[in-house]
1. May I ask you to list the residues in the stretch 174-187 that are part of a helix (DSSP H, G or I) and open to solvent by 50 Å² or more (accessible area, probe 1.4 Å)?
2. Only one of these conditions is not met by residue 107: (1) under 11 Å from the mean Cα position of the chain (by Cα); (2) more than 20 Å from residue 159 (Cβ to Cβ). Which number is it?
3. Name the residues in the stretch 63-121 that are of a type in the set (Val, Ile, Thr) and either over 22 Å from residue 236 (Cα atoms) or not in a loop (DSSP other than H, G, I, E, B) (or both), would you?
4. Please list, ordered by first then second residue, the pairs with beta carbon atoms under 7 Å, 6 or more apart or interchain, first in the stretch 151-174 and touching a residue at least 60 places away in the same chain (Cβ under 8 Å) and among the β-branched types (Val, Ile, Thr), second open to solvent by less than 60 Å² (accessible area, probe 1.4 Å) and part of a helix (DSSP H, G or I).
5. Can you tell me which residues in the stretch 149-190 are over 16 Å from the mean Cα position of the chain (by Cα) and of a type in the set (D, E, K, R)?
6. Identify, by number, the condition in (1) out of contact with any helix residue (DSSP H, G or I) (no Cβ under 7 Å at 6 or more places or on another chain); (2) under 21 Å from residue 214 (Cβ atoms); (3) open to solvent by less than 20 Å² (accessible area, probe 1.4 Å) that residue 87 doesn't meet.
7. From 246, 160, 226, grab the single residue that is at pLDDT below 95, assigned to a helix (DSSP H, G or I) and under 18 Å from residue 109 (Cβ atoms).
8. Can you name every residue in the stretch 208-241 that is crowded, with 19+ Cβ neighbours inside 10 Å and in contact (Cβ under 8 Å) with a residue 60 or more places away in the chain?
Amino acid sequence: MEEELQGEEREVKSLGSASLDGTPINHIMVMSAVVTVLNFIPFSITIGAGGIFPLSQGIFPLLGWILGPFGGAMASGIGTLMGVFLAPHTAGIPPVSIFGAIISSFAAGTMTIGKHRRYWWIGMAVFFIIILFFYMFRAFNNGVPISIIIKGSLIDWSGLLFFVLPTRTLFASWIHSKNLYLLSLGLFFGSWTISGMYHLSQVFITYTIFNWPEKVWVFLIPVMPLENLVRSLVGTFIGIRVIYGLRAISIVKPQSAIY
């Protein structure tokens, strides 16, 4: 007769894969590969910055919302870095492109809807306010009329304004919504907000390098909003499908994700 097994019952749990700030590393690697692929597809040429811009710029905000600030920043940074080597025709100025990708996804990740890290956005806001001031002040010192500066930096200050105002949490709550209409609005206006700040983080540097004259400012007045519109539409189109896909499958949700 077999002896009855005795003792404390033990439960074995899987610890899962490695993670960065609550975001699985494999999630980051997958999304960085998506960024790399989208780097092959150009969507605009802007004389002021002297380069061709890739479609990957449209999903930088999305990565911050689905992976959190650190995971999103890493995915954007790695994907953009790989794009520098594999798709140099859209790389622009590599250090500037990588910096813009990292800072924009991190800023998107600070758009929280709960108490977790709810004050992180303040540091980002202060940083962008400072560089916007110096960007516009430099243009003013170069003799560009203030009216032209305001029109030419529309996407920069409008994105920052949306970020500083309570619209930041409103857009985040829409992205969290199960309603397709609200999700679409959240993705579009959230993408406009972060893409404007993404542009500001880069143009602050490139304007220092190229120091383009007033006539280029005038030329860019209608071009920049159109580019930001494309970024926002790309972020919305891809974001809806990615978020609905993530909701439909049993996958670990990053701790700082807002979808």
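1. 174, 176, 180, 181, 182
2. Evaluating residue 107 over (1) under 11 Å from the mean Cα position of the chain (by Cα); (2) more than 20 Å from residue 159 (Cβ to Cβ) leaves (2) as the failure.
3. 66, 78, 80, 84, 90, 93, 96, 98, 102, 103
4. Listed by first residue and then by second, the contacts come to 155/196; 155/199; 155/224; 155/225; 155/228.
5. Residues satisfying the conditions are 151, 178.
6. (2)
7. 246
8. 212, 217, 220, 224, 227, 228, 231, 232, 234, 235, 239
The values are calculated or read from the model by the stated rules, or taken from the named source; none is laboratory data. Remember, it's a predicted structure, so these values are computed and weren't measured experimentally. Note that we place each Cβ from the backbone using ideal geometry, even for glycine, and neighbour counts take in every protein chain shown. Quick note on the areas: whole protein, heavy atoms, side chains included, nothing else; ligands and nucleic acids left out. Shrake-Rupley method; radii C 1.70, N 1.55, O 1.52, S 1.80 Å.
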